[in-house]
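Student: Below you'll find the structure I mean.
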Amino acid sequence: MLYNYIKIAFRNLLRHKAFSFINIAGLAIGMTCSIFILLWVRDELSYDQFHEHADQIYRLTADAGEFKAAVSPAGMAAGLKSEMPVIKNITRISKSQSVLFEVGNQKFQEKRMIYADSNFLDIFSFPLIKGDAKTALQNPDAILITEAIARKYFGNENPMGKIIRKDNQDNYKVAGVLANIPSNSHLLFDFIIPMSAIETTDGDLIRKTWENFNYYTYLLLDKNMDASPAGISKVVNEIDRIFKKHVPEIKIDFHLQPIRSIHLQPGLQIDQPGHGNMQYVNIFFIVALFILAVACINFMNLATARSARRAKEVGLRKVVGAGRYQIISQFLGESIFISILAFLFAILLVWVLLPAFNELSSKSVSIHSLDAKLIFSLVGLALATGLISGIYPAIYLSGFKPAKVLKGKLKSMGGNLVFRNTLVVTQFIVSIVLLVGTAVVYRQLHFIKNMNLGFEKRNLVYVPFSGELGNKIDALRSELKQHPLTNDYSIISDLPTELITGTIDVVWEGKDPKSQIVFPSMDVDENFTNVFQMKVLNGRSFSTAFKGDSTNYVLNEKAVKTMGMTVNNAVGKSLNFNGAKGVIIGVVKDFNFKPIQQPIEPLILRKNKYGGYIFVRTTPENTEATLKSLENICQQLNPAYPFQYSFLDEDLANLYKVEERIGSLFNIFAILAIFISCLGLYGLSAFIAEQRTKEIGVRKALGASVFNIVYLLSSNFTRVILIAIIVAIPISWYVVHQWLQGFAYHIEIGWGIFALGAFSALFIAWCTVSFESVKSAVANPVKSLRSE
């Protein structure tokens, strides 16, 4: 019996090739999109799951009012461990460092080096290929490298015991080789140096401070502890109590962040780069379900549209004794058979397109043959798709009355028109939401790229201080001034795109003694406002003509407002910053010094006494010559270090790479979902045209024009799409509004976006329906009336 069902299904596919191609293609494209999205979602949810003790690992974070940071003080780790038995282990990690490594005659500027406590590998499951995890970080002159770095530096040689020189002064011995860090780890590094290597030179480690927040702290809690929100709250309360015992004058709220949730919970400052977003995971998961639902609806409509061609078959089978259950089983079997075929094509498409998808999404997902859970999930997806898409056609077709079918009375068997129209409405609700979402994503990304940041970002090249540059700052300034291509320069302490410093030790006239506001700060020179083309609203910027500027300050508008002053009255008032008394000499217009997902914060500018970054404004026609001049200056003053440079506008673009990738994926899936919806609409238009063949023939025989027939068939669909538009607009408004809330600065949603989405959906529907409508309108009425 099963073999017979499969044979009939296969014959039907071959007999109606065009119909079969559309049916299988719709399902295959829907499954392909869903598989890609589910792979992406699966990867996002898998971050840090590979650690053996992932359920017990938490990161300590801190809130100082609205300033929420991922770092904590260096002295807290030992203090908490000694007083809290629930903490089984605790380790600290530094922020990623940019350093120069040297092996033999080769030098490499690396950006992913961290310092970590000796127990780092006791908490995290980063396996060592070579070396002993228990002793690898015990010696201060040890260094751990990844497998990729081992090949890069030493080729096929055994790297164990080899010397790597850091910053032309310190030698480290390779004590272990780590397996390459998984891409689904929120911690990404290439080198680990023991924290003991800097414990005699780093001020925070020397003082074991509880006040400076500069390190990431991870706790391994007792596996038997209560991990419920109430249990974690008790641990946090104890941490708060211990902190207040050491620093009673500072109000900080601590939190424990489960390691598995770190990647998808962005929003913390001074955090590791490369975060995801739970909102995107939810959106894409829903999109995957919708695309699959649209594909199933498409299958239903196409199946019912061709129901007349199967009616006599059903009638004959019932006459010879087939029960309704058997007929339902047959049609469900056929739908599952078609679904399996579509699934096989979908797997083939996924395999072919996976490299392109990984490049577009910046992922490294794969369908591994040994991943039984994934394989079973995908097969289950195919079977579920077959059952869901086939259940309605099976019930509908099996309900035909054999007497009426064999007499040719199919008019009364039109099926549930309301149900089918509801399916199409659902399809186009999804399509309109995706169309509006596509337009909003495009406009928001365009807004980000072209937003006025408060300074001119184009043509700014920068060189980080390294080696001897910090000790030769006067000579550096002199060289920069002498070259006409580099004399438009400024030396500032931090990049004005991701400032990570801040303090609450700020006192001004009239300050509330209980106030604890975090003020970021940046050290700049007298050229800063000119080079960055910033606007001074009142007073002046720093100047070499005023020697007292070394203790004076320039504030942004937000800082002035936070202090209860105005732009007009702030200049001349006293300010105490970290114990250094000075005067406010100027107010600059607010500018973004962090990603625009974060609102502008109060900022204090101080006179730069040390270094940080050299910024030079170039002209487009002289960029290459300017870079050459900068390289000559740096090589002359700092010959032991390679010349490194970057462009500020490129850095800014990289800050929004995640949004760009998400936008590109969203656009592609939206287009494919709309395409599948069009196939579904085509199915319904074919169904209606087939049901009204004789009516159309009569109308044409009585003189109806092609336009009249096309209008007759299209008007029904227009009403259906209008209903979809009415339902979709409030849904799409809510969806895009929620997404835009993730940006501190975003576009305003006007009615034009919704009108564009609605009109586009209507136009696409008309184009889709017009094919079958025109085909029916130009058909010879004699053929349709011959049987009458």
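Student: Long-range amide H contacts for F254: which residues qualify at under 5 Å (H placed 1.01 Å from N, peptide plane, sequence gap of 5 or more or a different chain)?
Tutor: Hits under the 5 Å cutoff: D63.
Student: Can you show me the helix-derived [θ] at 222 nm for the chain, built from DSSP H runs with n ≥ 4 at -39,500 (n - 2.57) apiece and divided by the number of residues, rounded to the nearest 500.
Tutor: -16500 deg cm²/dmol
Student: Could you tell me the center-to-center distance, by alpha carbons, between the stretch 93-170 and the stretch 519-578 in angstrom?
Tutor: Cα centroid of the stretch 93-170 versus Cα centroid of the stretch 519-578: 42 Å apart.
Student: In sequence order, what are the phi-derived ³J(HN,Hα) couplings for the stretch 220-233 according to the Karplus relation 6.51 cos²θ - 1.76 cosθ + 1.60 with θ = phi - 60°, rounded to whole Hz, with x for glycine and proline?
Tutor: 9, 8, 4, 5, 9, 6, 6, 8, 6, x, 5, x, 5, 4
Student: Could you please put R92, R458, R443, R661 in sequence from largest to smallest accessible area, using a 1.4 Å probe?
Tutor: Highest to lowest solvent-accessible surface, that is R458, R443, R661, R92.
Student: What's the center-to-center distance, using Cα atoms, between the stretch 33-77 and the stretch 634-661 in Å?
Tutor: Result: 27 Å between the Cα centres.
Student: Sequence-distant or interchain residues sharing an amide H contact under 5 Å with V588, placed H: which?
Tutor: Residues meeting the criterion, in which the H sits 1.01 Å from N, are L537, L555, N556, E557.
Student: Next question, about the same structure. Relative to the first principal axis of the alpha-carbon coordinates of the chain, what is the inclination of helix 308-319, with its axis defined by its Cα atoms, in degrees from 0 to 90 and to the nearest 10?
Tutor: Value to nearest ten degrees: 60.
Student: Quick check: the angle from helix 278-305's long axis to the longest principal axis of the chain, C-alpha only, nearest 10 degrees?
Tutor: 10 degrees
Student: Moving to a separate point now. Skipping prolines and chain starts, which residues have an amide H placed within reach, meaning under 5 Å, of the one on H186, given they are 5 or more residues away or on another chain?
Tutor: The answer is D48.
Student: Restricting to Cα pairs below 8 Å that are 6+ residues apart, what does the relative contact order work out to for the chain? Please round to a whole percent.
Tutor: 15 percent
Student: Keeping all protein chains in position, work out how much accessible area K481 exposes to a 1.4 Å probe, and write it in Å² to the nearest 10.
Tutor: Counting only protein heavy atoms, the figure is 120 Å².
Student: Hey, another quick one. Would you mind giving the average projected area, over all directions, of the Cα convex hull of the stretch 530-614 in nm² with one decimal?
Tutor: Working: hull surface 24.9 nm².
For the stretch 530-614, averaging the hull's shadow over all directions gives 6.2 nm².
Student: Now a separate question. In a shell of Cβ-Cβ distance under 11 Å around F643, excluding F643 itself, what net charge do Lys and Arg (+1) and Asp and Glu (-1) give?
Tutor: Surrounding charge for F643 is 0.
Student: Can I ask one more? Leaving ligands, DNA and RNA out of it, report the carbon-plus-sulfur percent of the accessible area of the stretch 120-173 at a 1.4 Å probe. Could the numbers behind the result be given before it?
Tutor: Values: 1210 of 2770 Å².
Here carbon and sulfur together make up 44 percent of the probe-accessible area.
Student: Evaluate the distance, in nm, between pseudo-label points positioned 7 Å from the Cα of Y734 and of E748 along their respective Cα→Cβ axes.
Tutor: Taking the two extended label points, one gets 2.5 nm.
Student: In degrees from 0 to 90, rounded to the nearest 10, what is the angle of the helix 372-398 Cα long axis to the longest principal axis of the chain?
Tutor: Once rounded, one gets 30 degrees.
Student: I need the trypsin sites (Lys or Arg not before Pro) found in the stretch 132-174, filtered to DSSP loop residues with at most 15 other beta carbons within 10 Å of theirs.
Tutor: On the way: sites: K134, R151, K152, K162, R165, K166, K173; in loops: K134, K162.
Of the trypsin sites (Lys or Arg not before Pro), the ones in loops of the stretch 132-174 whose Cβ has at most 15 other Cβ atoms within 10 Å are K134.
Student: Of I584, I473, which has the most accessible area and how do the rest follow, probe 1.4 Å? If you can, show how the numbers build up before the last one.
Tutor: Numbers: I584 0, I473 25 Å².
Reading off the accessible areas and sorting them downward yields I473, I584.
Student: When the Karplus curve 6.51 cos²θ - 1.76 cosθ + 1.60 is applied with θ = phi - 60°, which whole-Hz ³J(HN,Hα) does each residue of the stretch 753-768 get, with x for Gly and Pro?
Tutor: 5, 6, 5, 4, x, 5, 5, 4, 4, 5, 5, 4, 5, 4, 4, 5
Student: Right, another one. With every protein chain present, what is the per residue accessible area of the chain (1.4 Å probe, Å²)?
Tutor: Computed with neighbouring chains in place, this is 46 Å² per residue.
Student: I need the phi-derived Karplus couplings for the stretch 87-97: 6.51 cos²θ - 1.76 cosθ + 1.60, θ = phi - 60°, integer Hz, Gly and Pro marked x.
Tutor: Here the 3J(HN,Hα) series is 8, 7, 7, 8, 9, 10, 9, 7, 5, 4, 10 Hz.
Student: For a distance above 22 Å, tell me the whole-number percent of Cα pairs in the stretch 92-185 that qualify. Kindly include the intermediate steps, with their values, before the conclusion.
Tutor: Working: 947 of 4371 pairs.
Taking all Cα-Cα pairs of the stretch 92-185, the fraction more than 22 Å apart is 22 percent.
Student: Further, regarding this structure: Could you check the spin-label model distance between L360 and Q533? Points 7 Å from the Cα along Cα→Cβ, value in nm.
Tutor: It is 3.6 nm.
Student: Using only Cα atoms, what is the ratio of the radius of gyration of the stretch 191-299 to 2.2 N^0.38 Å?
Tutor: Working: Rg = 20.9 Å, N = 109, 2.2 N^0.38 = 13.1 Å.
Computed over Cα atoms of the stretch 191-299, the ratio equals 1.60.
Student: How much accessible area does S677 have with a 1.4 Å probe, in Å² rounded to the nearest 10?
Tutor: Near enough 0 Å² of accessible area.
Student: Right, another one. Relative to the present Cα-Cα distance, how much length would full extension add between M160 and Y325 at 0.36 nm per residue of separation?
Tutor: Gain on extension, M160 to Y325, equals 52.4 nm.
Student: What base-10 log of the normalised intensity I(q)/I(0) is obtained for the chain from the Debye formula, alpha carbons as equal point scatterers, at q = 0.05, 0.09, 0.10, 0.11 Å⁻¹?
Tutor: Taking Cα atoms of the chain as identical point scatterers yields -0.39, -0.99, -1.12, -1.26.
Student: Still on this structure, please answer the following. Counting only the backbone N, which residues of the stretch 495-535 are under 20 Å from the spot 7 Å out from the Cα of N654 toward its beta-carbon?
Tutor: Zone members listed by number: 495-501.
The values are calculated or read from the model by the stated rules, or taken from the named source; none is laboratory data. Because the structure is predicted, anything quoted here is derived from the model rather than measured. Counting neighbours? That spans all protein chains shown, and the Cβs are built from the backbone with ideal geometry, glycine included. Ligands, DNA and RNA are excluded from the accessible area calculation, which covers all protein heavy atoms including side chains. Shrake-Rupley method; radii C 1.70, N 1.55, O 1.52, S 1.80 Å.
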